[in-house]
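What follows is a single structure, written as structure tokens, with notes after it.
Just so you know, all these numbers are worked out from the coordinates, no wet-lab data involved. Keep in mind it's a predicted model, so treat the numbers as computed, not measured. Note that each Cβ is placed from the backbone with ideal geometry, even for glycine, and that neighbours are counted across all protein chains shown.
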Amino acid sequence: MRSIFKSKKICFIIVSLILIYTFISFISQEKKLKNYEQQKQYYQAQIENLQDEQADLLQEQENIDSPDYIEEQAREKLDMYYPSERVYIAQ
């Protein structure tokens, strides 16, 4: 009678340990999945930003030889103006 009781106790302890281990493993995996999902969203946002930047650069590349673009860059980056043009700087 005692051996049956001890074996039931041992089985209960073993099953309990297995359930605890399974529960802890499940929680750990859920945390990892949540972390991976956050990383996925971060990288998708980066991809979208880079695709927008790429589209802007491609648009700029198409316009790089146009006279308007050259004039705009000369005015903005080199502070160049036509000789007959008067430039007023507001302070």
If unit charges are put on Cβ atoms (+1 for Lys and Arg, -1 for Asp and Glu) and the dipole of the stretch 47-91 is taken about its Cα centre, the option from TYR82, ALA55, PRO67 lying farthest towards the positive end turns out to be TYR82
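Over the chain, what number does the Rg to Rh ratio reach, with both radii from the alpha-carbon atoms and Rh per Kirkwood?
On the way: Rg = 34.6 Å, Rh = 20.6 Å.
Ratio of gyration radius to Kirkwood radius for the chain: 1.68.
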Surrounding net charge for VAL87, when Lys and Arg each add one and Asp and Glu each subtract one, Cβ distance under 10 Å: 0
So for each of 35-43, 79-87 I average, over its residues, the number of other beta carbons within 10 Å; can you give me the resulting order with the highest mean first? 35-43, 79-87
To the nearest 20 debye, the stretch 1-61 has a Cα-centred charge dipole, built from +1 on Lys and Arg Cβ and -1 on Asp and Glu Cβ, of 1480
